[in-house]
Amino acid sequence: MFILSWVVVPFFAASDHIIFNGRRISRTGILPTIWARLHSRRTSLRISDIEQVDTQAVRVLRRGNRVHYRYRTCVHGRGISLCFTSHGENFRRLVAALLPKLSEEVLDARSLDLRAYPIDPKEALMKAAFAGIPSSDVLRDTVTTRPSKMRGRVEAVLDISEDGDDRVRYLADLGNELRLSGHLVRALECFRRALLIQRKDGRLIYDFSRCLQSLAATERSSKLARRSVAALKLAERYANEDATLLARIGESFAQTGDWRRAEKAFNRAAEAGGDTFLASRGLAETALRDGKIAHVIHRFLAAANSTLSPALRRWSRDEANYYTNLNSDDTYMEMEVGRVSLLDSLQRTRRTLLRITSFGFFVLAIGIAIADEVVVSAGWAVTAIALSIWLGLKIASSVLAERIAYDDVAGED
């Protein structure tokens, strides 16, 4: 177990890299290569084959008024996913090289943020000091203050003496840079100052809402969460006929679980810009939520016809075909429902095993502290068994994550 933990695992981890040469993104490493060959999968993707890029932000540490995020970006296409996490300059270089080459339709909101705003906390703090943004300690008591209540003391207290679109854009960009760097309170102040100058900018209110949402999750504040949703509704009101912004607002509503408002925003986006890819895909997801399979098929076909990207067109048509098969074949539907249910069960079991592993490490630490070999052996045993089962379930989950090929089911019939 010691050799496995301190020699074998680091060796394989050190050889596992994501590489981008300007045309193709690929994954290297002994285990990924062996796994791909066993399952007849590819280990690289051309830019033209990328169907979706999504990024998750995980809070790994909170120090004072700053939240340290770890970003995990996954590139999907041709049935494979290549994921990489932020752990230094290599991540920033990869993001700066890859994401600008992709269409906005491929990227989710966080991936768009990473493309537009560099993650450089030191530079962001220097800009904040230059802009006269107070420290988080000073601003902490004003977190729940609405921008409208700050009007009237702008010149004297907040040092906003300039007007115009340039000032608003500078504050909005600075707010987004601070938000991505984890300085949420100072980011919120930037958005509030910008809103005092320009109150009816839908894009600005949308960014303000997302900052409020991040801060609400960090503070576990239901009050800030409600204000985030209220700001998102206001952003929808002032989005005018910006189809792209309305679609992104619909995605934010979907993330909060408000599917009714999400559908409304997607419909507005479709009315404003026609059946755009983002609007059609969003309406397909809301229809799927309501169990309207025929509407799902129609919307995915509309998405395929609305995009110029061959990869997105192929993905949309594959989705339409998949749901067409589900709608027409009850046997296939039952098999897929069973697969998804089993996959959910395995994922819940894996989470439980991780908690058991943590308990095993705790027992191991106690055994080492009191120099009791029995306790140490028990800790090693619990940890090893839990990790072994977790690894087996992870492999099973990766197999079950793939949809059952309809041709195989039709061939059996």
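The values are calculated or read from the model by the stated rules, or taken from the named source; none is laboratory data. On a predicted model such as this, the values are computed, not experimentally measured, just so you know. Here the Cβ positions follow ideal geometry from the backbone for every residue, glycine too, while neighbour counts run over all protein chains shown.
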When you go through (1) closer than 21 Å to Asn240 by Cα; (2) surrounded by fewer than 18 Cβ atoms within 10 Å (Cβ to Cβ); (3) at pLDDT 90 or above one by one for Ser228, which number turns out not to apply? (2)
Quick test for you: out of Ile50, Ile80, pick the one residue that is of a type in the set (A, V, I, L, M), modelled with pLDDT of 90 or more and farther than 28 Å from Arg220 by Cα. Ile50
Which of the strands (runs of 3 or more DSSP E) contained wholly in region 34-114 include at least 2 residues that are free of Cβ contacts under 8 Å to residues at least 40 places away in the same chain and not aliphatic (A, V, I, L, M)? 44-46, 66-77, 80-85
In region 83-98, anything over 28 Å from Ala216 (Cα atoms) and either small (Gly, Ala, Ser) or surrounded by 14 or more Cβ atoms within 10 Å (Cβ to Cβ) (or both) is listed as Leu94, Ala96, Ala97, Leu98
Given the condition aliphatic (A, V, I, L, M) and within 19 Å of Tyr69 (Cβ to Cβ), answer yes or no: does some residue in region 192-211 qualify? no
Kindly provide the set of residues from region 86-119 that are touching a Lys or Arg at 6+ places or on another chain (Cβ under 9 Å) and at pLDDT below 90, ordered by number. Ser86, His87, Pro118, Ile119
Determine whether Asn305 is under 25 Å from His76 (Cβ atoms), over 20 Å from the mean Cα position of the chain (by Cα), assigned to a helix (DSSP H, G or I) and outside the structural domain of Leu204 (by TED's automatic domain parsing). yes
Among the listed residues Leu353, Leu393, identify the single one that is closer than 30 Å to Glu319 by Cα, surrounded by 15 or more Cβ atoms within 10 Å (Cβ to Cβ) and modelled with pLDDT of 90 or more. Leu393
Could you list all residues from region 334-377 that are free of Cβ contacts under 8 Å to residues at least 12 places away in the same chain and over 35 Å from the mean Cα position of the chain (by Cα)? Ile368, Ala369, Ile370, Ala371, Asp372, Glu373, Val374, Ser377
Suppose we filter region 219-241 for residues that are among the hydroxyl-bearing types (Ser, Thr, Tyr) and part of a loop (DSSP other than H, G, I, E, B); how many remain? 2
Of all residues in region 121-164 being modelled with pLDDT under 55 and part of a helix (DSSP H, G or I), which is farthest from the chain's Cα centre (by Cα)? Ala156
